[in-house]
Every structure is written in C-alpha cells, then in structure tokens.
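One structure is given here, and the rest of the page talks about it.
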Amino acid sequence: TSSLRRQALIAARYPHLVIHPLRGNLDTRLAKLDRGEYAAIILAAAGLKRLGLPHRIRNVIEPEQSLPAPGQGAMAIEILDSRTDLRAWLAPLNHAATAQAVTAERTVSRIFGGSCQIPLAAFATVNAGVMHLRATVATPDGARIATAEATGNAHEPELLGQQVVDVLNTQDAAAILAVCKVDA
C-alpha cells in the first residue's frame, strides 16, 4: 500500500522513529490514536476533510518531505473504447497537465512493476509546458534508497519517466525493489 511506501521513506529520513503498520477504517485508526496506542499516525488530509474532520489534521506532509505514490490523488473516468460519443462529451473534463503528470508517474511505476506491495514514489509537476518529475524507491526499513529527478517537455511524459527510471537504475533500484518483492 502507499503506507508501505511512506513507511520506507520515513524510516530512511527519520531512522530514530519506530514505525508500525496501522490497519482499519478511518474511525478505527483515529480511535487507536486517541487510546494512545500510537503517538502519531499519517492519514490522507483529503479523506479527513471529506469526512468533516479537518480539525484532526495537525500537519501536512508536503511532497518535498515525502513523495506520494504514483498517481496519488488523481481521478480518472474510464469508458469503453467504442464510445467515441462519450469521449467527446467528457473531453472538457480532462486536465492536460494532470494527465501528463500522472502519465510520467505511472511510467515509472509500470517499468518497475509497481504495486501496492513495493515502496515506490513518484511526483510530477507541470508549469508552462515543462515537467519536473521526482521518484524514489526504498527498502521497507529505509536502509537502501534510490532517488532521481528530471525536467523536460510535459508533452513527452513517458520519455521523462524513462529518464528517471534510468537514473534510478544507476543506483541499483531494481535490486532494492527485488528485496521488497521477496518480502511481500
């Protein structure tokens, strides 16, 4: 899950912390925090806001501190390929910069065989047709980590994703992820 990815990245950045998995719905997780079973928990701020609990947010982790999972927070609408009428009707809902960013992020994920079981992060931003993509892979304990970033034409998101993968591979990213897949 994205929690495994976040756990690995936090363990790498803050090795003095003791990190435990936390399962259950939002109410269950918050109750465990309230009972003192955890000193702190990390949740999606959007989910807390959506459920009317913005007062429970104490701090927001920015992408500069911990990259999100590829495509995190992006929404998509799927239609049958044969429904060209729907494609034209839904076209105004497409946000080109978001689509480009998610394509670059998911390119990194696809090449590495990303799943809920491996700690892989990717985050792209687009500004005036220029994309900046950052990615990280790590072992669950954060002992081994590889990071990469690249900037390029937002209209070539797959190329930028491949460039970041190439840099990650120079840092032995495939071996890091292989350890994660064995542990899964």
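The values are calculated or read from the model by the stated rules, or taken from the named source; none is laboratory data. If you're wondering where the values come from, they're calculated on a predicted model, not measured in any experiment. Here the Cβ is made from the backbone with ideal geometry for all residues, glycine too, and neighbour counts use every protein chain on show. All accessible areas refer to the heavy atoms of the entire protein, side chains included, with ligands and DNA or RNA removed. Shrake-Rupley method; radii C 1.70, N 1.55, O 1.52, S 1.80 Å.
Look at segment 18-68 and say how many of its residues are free of Cβ contacts under 8 Å to residues at least 12 places away in the same chain, open to solvent by less than 80 Å² (accessible area, probe 1.4 Å) and closer than 24 Å to Ala101 by Cα.
1
Quick check on Val179: is it under 30 Å from His16 (Cβ atoms), over 18 Å from the mean Cα position of the chain (by Cα), outside any strand (DSSP E or B) and hydrophobic (A, V, I, L, M, F, W, C)?
Details: under 30 Å from His16 (Cβ atoms): yes; over 18 Å from the mean Cα position of the chain (by Cα): yes; outside any strand (DSSP E or B): yes; hydrophobic (A, V, I, L, M, F, W, C): yes.
So Val179 fits the description; yes.
In segment 69-100, what count of residues is obtained for those that are assigned to a helix (DSSP H, G or I), open to solvent by less than 70 Å² (accessible area, probe 1.4 Å) and over 18 Å from Ala46 (Cα atoms)? Steps first, please.
Filtering segment 69-100 down to residues assigned to a helix (DSSP H, G or I) leaves 84-93, 96-100.
Then keep just the ones that are open to solvent by less than 70 Å² (accessible area, probe 1.4 Å); that gives 86, 90-91, 96-100.
From what is left, the residues that are over 18 Å from Ala46 (Cα atoms) are 86, 90-91, 96-97, 99-100.
Residues that pass the stated criteria total 7.
Quick test of your reading of the structure: Thr147 fulfils all but one of (1) modelled with pLDDT under 95; (2) part of a strand (DSSP E or B); (3) more than 20 Å from Gln72 (Cβ to Cβ); (4) of a type outside the set (Gly, Ala, Ser). Name the failing condition by number.
Condition not satisfied by Thr147: (3).
Return the residues of segment 101-121 that are open to solvent by 30 Å² or more (accessible area, probe 1.4 Å), among the polar types (S, T, N, Q) and assigned to a helix (DSSP H, G or I); say none if nothing qualifies.
Answer for segment 101-121, where residues must be open to solvent by 30 Å² or more (accessible area, probe 1.4 Å), among the polar types (S, T, N, Q) and assigned to a helix (DSSP H, G or I): just Thr103.
Condition (residue is closer than 22 Å to Ile19 by Cβ and buried (at least 20 other Cβ atoms within 10 Å of the Cβ)) applied to segment 122-130: is it met by at least one residue?
yes
Rundown of residues vs (1) touching a helix residue (DSSP H, G or I) at 6+ places or on another chain (Cβ under 7 Å); (2) open to solvent by 70 Å² or more (accessible area, probe 1.4 Å), yes/no style:
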residue: Pro140; (1), (2): yes, no
residue: Ile145; (1), (2): yes, yes
residue: Thr151; (1), (2): no, yes
residue: Ala154; (1), (2): yes, no
residue: Pro157; (1), (2): yes, no
residue: Gln162; (1), (2): yes, yes
residue: Thr170; (1), (2): no, yes
residue: Ala175; (1), (2): no, no
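Which of the residues that make up segment 1-22 are out of contact with any helix residue (DSSP H, G or I) (no Cβ under 8 Å at 6 or more places or on another chain) and either at pLDDT 90 or above or assigned to a loop (DSSP other than H, G, I, E, B) (or both)?
Hits for segment 1-22 are Thr1, Tyr14, Pro15, His16, Val18, His20.
Would you check which residues across segment 77-112 are over 19 Å from Leu160 (Cβ atoms) and touching a residue at least 12 places away in the same chain (Cβ under 8 Å) and list them? I'd like the intermediate steps shown before the answer.
Step one: list which residues in segment 77-112 are over 19 Å from Leu160 (Cβ atoms), which gives 77-94.
Those that are over 19 Å from Leu160 (Cβ atoms) and touching a residue at least 12 places away in the same chain (Cβ under 8 Å): Ile77, Leu90, Leu93.
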